[in-house]
Amino acid sequence: TKETVAVKIIVNTPQMKKQGEAEISMVTFLNEEDTNNSNCIVRVLDTFHFRDHACVVFEMLGNNLYEFSKSNYFKRAAINQVRTIGRQILKAIKFTHSRGIVHCDMKPENVLLLLGSNVKVKVIDFGSACYIGQKHFDYIQSRFYRAPEVMLGIPYGPPMDIWSTALVL
């Protein structure tokens, strides 16, 4: 199609294969539920296997929020920009939670700007995601965005995504 895309190659180890299959299943499900592409979730265009590695073809997006902030020398963003981006992230999280999915790894690197924009975003990387009530992994969330319940080793769920999003903003 001569379309520019992003390809995520999932290493063929037992744990990564399991995570990759879960991610593909969840993002495909979310895309099917988001028929008009209005809930700020990355779009899966295709999947395939190459040398026994699962590969996921995603729409092409721009920089993540960390790289964007770095390119601006980590200067504070304008409140309107933070508000606009925050609303979109919360929209994505509300949508995933309403479909029974917890992202489990909200951080600036998992929020990407749309190409050519500095305020429109999509949430990516559902590799650590799980269905509400079905804990998959013991080690989740990046250290700087980790929710208290995860640090304390108690049951976690949707509130952990809200905590992490607040820290991102």
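The values are calculated or read from the model by the stated rules, or taken from the named source; none is laboratory data. All values reported here derive from a predicted model rather than from experimental measurement. Cβ coordinates were reconstructed from backbone atoms using ideal geometry, including for glycine residues, and neighbour counts include every protein chain displayed. Side chains are part of the model used for accessible areas, which takes the heavy atoms of the whole protein and leaves out ligands, DNA and RNA. Shrake-Rupley method; radii C 1.70, N 1.55, O 1.52, S 1.80 Å.
General observations
- Projected label distance in nm at Lys70 and Arg83, using a 7 Å step from Cα toward the beta-carbon: 3.0
- Within region 102-122: backbone nitrogen closer than 18 Å to the Met151 label point (7 Å, Cα to C-beta): 104-108
- For region 1-99, with all protein chains in place and a probe radius of 1.4 Å, 53% of the accessible heavy-atom surface sits on carbon or sulfur.
- Reachable lysines, given that their alpha-carbon falls under 19 Å from the alpha-carbon of Lys17 and they are not under 8 places away in the same chain: Lys8, Lys135
- In straight-distance terms, cross-link reach from Lys91 covers every one of the aspartates and glutamates whose alpha-carbon lies under 17 Å from its own, apart from those fewer than eight places away in the same chain; here that gives Glu32, Glu33, Asp34, Asp105, Asp125, Asp161.
- From phi via Karplus (6.51, -1.76, 1.60), per-residue ³J(HN,Hα) for region 39-49 in Hz, x at Gly/Pro: 10, 6, 10, 4, 9, 8, 9, 5, 9, 7, 10
- Relative contact order of region 130-169, defined on C-alpha pairs under 8 angstrom at six or more residues apart (%): 38
- Annotation: the antiparallel percentage among DSSP beta bridges lying fully within region 1-138 is about 95.
- Built amide H within the under 5 Å cut-off of Gly100, gap 5+: none
- Label assignment, Kirkwood radius over Cα pairs in Å derived from the structure, set (1) 17.5; (2) 16.6; (3) 19.4: (2)
- Looking at the chain, the accessible area is 58 square angstrom per residue; that uses a 1.4 Å probe and ignores ligands, DNA and RNA.
- Per residue, the average separation of C-alpha pairs within less than 8 Å and at least 6 apart gives the chain a relative contact order of 23 percent.
- Contact order, relative form, for region 22-98: 28 percent (alpha carbon pairs under 8 Å, 6 or more residues apart, mean separation divided by residue count).
- Residues whose placed amide H lies under 5 Å from that of Leu114, excluding near-sequence neighbours: Gly62, Lys120, Val121, Lys122
- Calculated from backbone phi, Karplus (6.51, -1.76, 1.60) coupling profile of region 120-129 in Hz, x at Gly/Pro: 9, 10, 9, 8, 10, 6, 9, x, 9, 5
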